[in-house]
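**Student:** Here you go, one structure.
Quick note: the coordinates plus some simple rules give every number you see, no bench work behind them. Since the structure is predicted, the reported quantities are computational estimates derived from the model, not experimental observations. Positions of Cβ are generated from backbone atoms using ideal geometry, with glycine treated the same way; all protein chains shown enter the neighbour counts.
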Amino acid sequence: MPEERARPVENTGEVVAAAIIVDGRLLLAQRTRPPELAGLWELPGGKAEAGESAEDALRRELREELGVEVSGGDRIGDDVPLPDGRVLRAYRVQLVSGTPAALDHAELRWVDERELGEIDLVGNDRGWVPDLRLHLNGR
Ligand code: DCP
């Protein structure tokens, strides 16, 4: 039935972003695209696929973009509605194995609380800074 095919699959509307904190520093990644976001820093992540849980999307995206294995996925900060109708959500994840590499970004940087306040984040991620500070302070 056409209605069956047209029904949206759960989770297709989410973009996941990961807060990886090691030794009091947060991992940020510098975007290469699109042109209006290139050069700005973000929590790495990406679009969840149809039917994929947020935790699975985080595991897949970080494997693809950073070459690392992560676990967990407790929410951080507020939902950020994106112009295309998706919703962007941040999650705290734990690094399980591997050393992050910039496989899909221009560069990676581990920032402390002060540096987080100074770096040029993508606009969508800026609202998370107060929550990220709490996590960097060991909460
Ligand atoms: N986004 C954001 N902040 C983040 C992560 C993503 O504002 N920390 C935004 C940028 C894009 C949208 O979410 O508008 C989707 O992110 P990506 O382009 O990074 O997602 P993918 O990696 O899945 O996209 P693609 O593989 O199509 O490049």
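**Student:** Farthest toward the dipole's positive end in the chain, which of GLY24, PRO100, GLY51, given Cβ charges of +1 (Lys, Arg) and -1 (Asp, Glu) about the Cα centre?
**Tutor:** Result: GLY24.
**Student:** Something else now. Mind running the shape call on the range 7-97? Use the C-alpha gyration tensor, a ≥ b ≥ c as the square roots of the eigenvalues: rounded below 1.5 for a/c, prolate if a/b tops b/c, oblate otherwise.
**Tutor:** It comes out oblate by the Cα gyration axes.
**Student:** Tell me the net charge near VAL68. Cut-off is 11 Å between Cβ atoms, VAL68 excluded, with +1 for each Lys or Arg and -1 for each Asp or Glu.
**Tutor:** Neighbourhood net charge equals -2.
**Student:** Would you mind working out the magnitude of the charge dipole of the range 20-139 relative to its Cα centre, with +1 at each Lys and Arg C-beta and -1 at each Asp and Glu C-beta, to the nearest 20 Debye?
**Tutor:** Computed about the Cα centre, the dipole is about 140 debye.
**Student:** Report, to the nearest 10°, how far helix 54-66 tilts away from the longest principal axis of the Cα atoms in the chain, using its own Cα long axis and a range of 0 to 90°.
**Tutor:** The two axes meet at around 60 degrees.
**Student:** Give the separation of the Cα centroids, the range 16-37 to the range 51-130, in Å.
**Tutor:** One Cα centre to the other: 6 Å.
**Student:** Check each of the trypsin sites (Lys or Arg not before Pro) in the range 61-99 and keep only those in coil by DSSP with at most 16 other C-beta atoms within 10 angstrom; list them in order.
**Tutor:** Answer by residue number: ARG86.
**Student:** Mind checking which of SER53, SER71, SER97 has the largest fluctuation in a GNM of the chain, springs on alpha carbons under 10 Å?
**Tutor:** SER97
**Student:** So which residue, out of VAL70, VAL15, VAL129, gets the largest mean-square fluctuation from a GNM of the chain using Cα contacts under 10 Å as springs?
**Tutor:** Highest fluctuation of the listed residues: VAL129.
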